[in-house]
Amino acid sequence: MTIKKMIPYGRQEIFKEDIDAVVSVLKSDFLTQGPCVPNFQGAVENKIGVKFSCATNSATSALHISCLALGVGPGDSVWTSPNSFVASSNAALYCGASVDFIDINSETLNIDVLALEEKLRVAKRLNNLPKVVIPVHFAGLPCDMIRISELSHEYGFKIIEDASHALGASYFDKLNSAESLIGSCDHSDICVLSFHPIKMITTGEGGMATTNDSKLFERLLLFRSHGVTSNKKLFDKRPKGELWNYQQIELGFNYRMTDIHAALGISQLKKLDYFLEQRRDVASQYFARLTELPITIQAQTSKSSHHLYTICINPDLTSKSQKQAFDHFLDMGIGANLHYIPIYLQPFYENLGFRRGYCPNAEFYFRNCLSLPIFTTLRRSEIDYVVNTLFEFFQSDV
Ligand SMILES: *Cc1c(COP(=O)(O)O)cnc(C)c1O
């Protein structure tokens, strides 16, 4: 069996309606700062059930201004998961804060809430509690937000969810006896979404911060656009008679989303339920068919959006290595990938003083994991091919 084209681990799906939506903005009066950005924000707010949202040119920008809105600065500490993309922790460094990592739970692959609790207890004694914790919903599986939020009240930190993988995911909220959608900020201060083409829906590049707090929302808007406001209530006093229609009151950035991108977002959001269904279908195929292999798979403790599908080779059960699997997949035309190299093992972070062995679960997972293709247009025959390739790999002698 030969498949000429490489099957990627993820890709976007663009419809004719998406293209038409973008073209109509190109023919309109506003390429940026027009009606599409507020319309996209409104559509996301309705879909998720959250009061405010601030669309940005990337999730990385959204993470940065979320930290700034919460007052993160030099002398502060921000904690996050090592099993994430570097952007989750770079955001804290942009603000001049220091960053630290909580090891993951080997079953959920999200931050281990027991490890978090222990680390908080120690930090309290040493008087270096974090200002913000950034839980990452790895692969689209929601973290234990109820417990993390209880700890935030006990220890006085704020929560920014990095939900770059998790638009459409949800968990059962036992406090409200209802399903809580990721992005609703039911148990966090801010939630960040990504619209990179590999994520759940796309705007090309793009991101968003959601919140229910009007003060935080105002600050997000400020930092998104140069720190400049035209809201007179926020103005500093200036001599009478001078015409001031805007003021810069913070050092902000240009992190705005354009109307071209927002139009694509509005159109893509309409497909979210379909996208989720397609991804859940691929994942359920894998769950059903990858049993009896020497691998472990992320425990499904709540309702994932299935942004990624990763396996972890169990070295107690096979002599086959991750590298052999990776190379074999590439030979067979399957673009396997790694999610993630623990952030603190990156050379830049090692230069900050982090050392190997710091988060053993995240490192074990990194040395044995492999991401399988999962995306909305993955065909049944391609799933068969991936599954067969895996079975043949583990059955053959190397
Ligand atoms: C993709 C991703 C980001 C960054 O998103 P961009 O929109 O590309 O800036 C941040 N965190 C995680 C976990 C991601 O997967």
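The values are calculated or read from the model by the stated rules, or taken from the named source; none is laboratory data. None of these values were measured; they are calculated from a predicted model. Cβ coordinates were reconstructed from backbone atoms using ideal geometry, including for glycine residues, and neighbour counts include every protein chain displayed. Surface areas here come from the heavy atoms of the whole protein model, side chains and all, with no ligands, DNA or RNA. Shrake-Rupley method; radii C 1.70, N 1.55, O 1.52, S 1.80 Å.
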In Å², rounded to a whole number, the accessible area per residue of the range 252-398 with probe 1.4 Å is 45
Here the relative contact order (percent) of the chain, from C-alpha pairs under 8 Å and at least 6 apart, is 23
Correct response: the longest run of the chain lacking exposed trypsin sites (Lys or Arg not before Pro), defined by DSSP loop and at most 13 other Cβ within 10 Å, is 52-173
Convex hull around the C-alpha positions of the chain: the volume in Å³ per residue is 157
antiparallel share of DSSP beta bridges within the chain, to nearest 5, in %, is 65
Largest-first ranking of D162, D112, D213 by accessible area, probe 1.4 Å, whole protein assembly kept, is D213, D112, D162
Straight-line reach check, K237, cutoff 29 Å on alpha carbons, 8 or more apart in-chain or any other chain, hits among lysines -> K215
Surrounding charge for I201, neighbours by C-beta under 12 angstrom, Lys/Arg +1, Asp/Glu -1, total +2
Percent antiparallel among DSSP beta bridges confined to the range 92-216, nearest 5, equals 60
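Mind running the shape call on the range 153-231? Use the C-alpha gyration tensor, a ≥ b ≥ c as the square roots of the eigenvalues: rounded below 1.5 for a/c, prolate if a/b tops b/c, oblate otherwise. Intermediate results must be reported in sequence, preceding the final value.
Values: a/c = 2.36, a/b = 1.18, b/c = 2.00.
Judged from the Cα gyration tensor, the range 153-231 comes out oblate (a/c at least 1.5, b/c at or above a/b).
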If each K or R counts +1 and each D or E counts -1, the residues other than K323 whose Cβ falls under 15 Å of its Cβ total 0
In Å, the Kirkwood estimate of hydrodynamic radius for the range 20-118 over Cα pairs equals 16.2
P(r) over all Cα-Cα pairs of the range 329-381, 10 Å bins from 0 to the longest distance, whole percent per bin, short to long, reads 21, 37, 24, 14, 3
Expressed as a percent, the portion of alpha-carbon pairs in the range 273-345 spaced more than 13 Å apart is 74
Filtered pair list for the range 1-158 (Lys only, Cα < 20 Å, 8 or more apart or interchain) has a length of 6
For the range 234-277, the Cα convex hull volume per residue in Å³ comes to 140
Carbon plus sulfur, as percent of the 1.4 Å-probe accessible area of the chain, comes to 52
Within the range 200-287, DSSP-loop chymotrypsin sites (Phe, Trp or Tyr not before Pro) with at most 16 other C-beta atoms within 10 Å are F235, W244, Y246
With every protein chain kept in place and a 1.4 Å probe, the range 136-175 has an accessible area per residue in Å² of 30
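Return the percentage of antiparallel bridges among DSSP beta bridges fully within the range 160-246, rounded to the nearest 5 %.
75
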